[in-house]
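The values are calculated or read from the model by the stated rules, or taken from the named source; none is laboratory data. Please read all numbers here as calculations on a predicted model, not as lab measurements. Heads up, the Cβs are rebuilt from the backbone with ideal geometry, glycines too, and the neighbour counts pull from every protein chain shown. To get the accessible areas, we keep the full protein, side chains included, count just its heavy atoms, and leave off ligands, DNA and RNA. Shrake-Rupley method; radii C 1.70, N 1.55, O 1.52, S 1.80 Å.
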Amino acid sequence: MKLEVLVAAMNQTDYSLVDKMKITTDVIVGNQCDKNEIVELKRGNNSVRYLSFNERGVGLNRNNTLMRSNGDILLFADDDMVYEENYEQVVLEAFQQNPDADVLIFNIKEAVQTRYIIKKKFRVKWHNFMRFGAVRIAVKRKSIQEKGIFFNLCFGGGAKYAHGEDTLFLSDCLKKRLKIYAIPKTIAELVDNRESTWFEGYDDKYFRDTGVLYRAMSNYFGNLLCLQDAIRHQNMYKRKWTEVCKLMWEGQREDKWFDIEEN
């Protein structure tokens, strides 16, 4: 099996990012900037490709690299990560030890740990999939290509709805009956605690966007997803759950085009 890293980046002016991230496998860097250019390099036996496009949107960026990938195993990444020295071995061995897996999710280190830590292996299903972001995800390319799974262009940084593209990706994997496991191994560290380009706090837009996200996930259960979210996270949101839920439901009603969802 061959591993390929797919990096979503912005405004790269040279080709040093791969070294900064300590990527030692094949890699495609999706560089959203102010020019259109494709550069192919070689590092030993590994392929390094920079896809520079004058466009915006993290889902579009990930899809650009995904469409041009050719590795057996694909590992999604952002440009503010540094990989562990043995990340290739960890990922490939995990797929070898779980031959039925289509998608594996790993741990990411942080200076101040905010992301969910996987402490033992478990199957990822509908009740627990929303705790994981894209940079923890590795997939079998054949599995997602055969099922036609891509990132939704309407969600994520630079898109109309500012978050949720990774949640929808995993949701689509579950809908297409792919097998997903969480693995208690660390593959990289988040090293740049820069401010988010999209998150401006838990304001009204955040909650309306979340409502649209839940409707995109499930036309039938969207309202219930809003309700459970508002109740479970009211301490984090620091707003009354009734107010939060109302805003999420408003978001769902504003975007009727999700009514075509079949699930």
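Residues of the stretch 229-244 being more than 22 Å from the chain's Cα centre (by Cα) and under 20 Å from Phe155 (Cβ atoms), which ones? Hits for the stretch 229-244 are Ala230, Tyr237, Val244. Any residue in the stretch 186-196 that is assigned to a helix (DSSP H, G or I) and open to solvent by 50 Å² or more (accessible area, probe 1.4 Å)? Scanning the stretch 186-196, I find no residue that is assigned to a helix (DSSP H, G or I) and open to solvent by 50 Å² or more (accessible area, probe 1.4 Å), so the answer is no. For Ile144, state whether it is farther than 27 Å from Lys205 by Cβ and not in a loop (DSSP other than H, G, I, E, B). Yes. Name the single residue, out of those in the stretch 7-63 being small (Gly, Ala, Ser) and in a loop (DSSP other than H, G, I, E, B), that is farthest from Phe169 (Cα to Cα). The residue in question is Gly44. Only one of the numbered conditions (1) in contact with a Cys (Cβ under 8 Å, 6 or more places away or on another chain); (2) surrounded by fewer than 17 Cβ atoms within 10 Å (Cβ to Cβ) is not met by Gly59, and that is (2).
Determine whether the stretch 162-172 contains at least one residue that is in a loop (DSSP other than H, G, I, E, B), farther than 21 Å from Gln252 by Cα and open to solvent by less than 10 Å² (accessible area, probe 1.4 Å).
Checked against the condition, which is being in a loop (DSSP other than H, G, I, E, B), farther than 21 Å from Gln252 by Cα and open to solvent by less than 10 Å² (accessible area, probe 1.4 Å), the stretch 162-172 yields no hits at all.
Residues that are more than 19 Å from Leu168 (Cβ to Cβ) and open to solvent by 80 Å² or more (accessible area, probe 1.4 Å) within the stretch 212-241 comprise Arg232, Asn235, Met236, Lys238, Lys240, Trp241, listed in sequence order.
Regarding Lys109, is this residue open to solvent by 20 Å² or more (accessible area, probe 1.4 Å) and either of a type in the set (Ser, Thr, Tyr) or in contact with a Ser or Thr (Cβ under 7 Å, 6 or more places away or on another chain) (or both)?
In short, yes.
The set of residues from the stretch 70-97 being more than 13 Å from Thr186 (Cβ to Cβ), open to solvent by 10 Å² or more (accessible area, probe 1.4 Å) and not hydrophobic (A, V, I, L, M, F, W, C) comprises Asn70, Asp72, Asp78, Asp79, Asp80, Glu88, Glu93, Gln96, Gln97.
For the stretch 112-135, the count of residues that are part of a helix (DSSP H, G or I), without any contact (Cβ under 8 Å) to a residue 24 or more places away in the chain and open to solvent by 20 Å² or more (accessible area, probe 1.4 Å) is at least one. Pairing residues of the stretch 152-173 that are farther than 20 Å from Asp204 by Cβ and basic (Lys, Arg) with residues that are surrounded by 21 or more Cβ atoms within 10 Å (Cβ to Cβ) and at pLDDT below 90, at Cβ distances under 7 Å and at least 6 apart in sequence or on separate chains, gives no pairs at all.
If a residue has to be in contact (Cβ under 8 Å) with a residue 24 or more places away in the chain, farther than 13 Å from Glu250 by Cα and assigned to a helix (DSSP H, G or I) to count, how many in the stretch 197-235 make the cut?
2
With respect to the conditions (1) closer than 19 Å to Ser143 by Cβ; (2) open to solvent by 10 Å² or more (accessible area, probe 1.4 Å), Val5 lacks only one, and its number is (2). In this entry, Gly30 is excluded by the filter for residues that are of a type in the set (Gly, Ala, Ser), buried (at least 16 other Cβ atoms within 10 Å of the Cβ) and touching an Asp or Glu at 6+ places or on another chain (Cβ under 6 Å).
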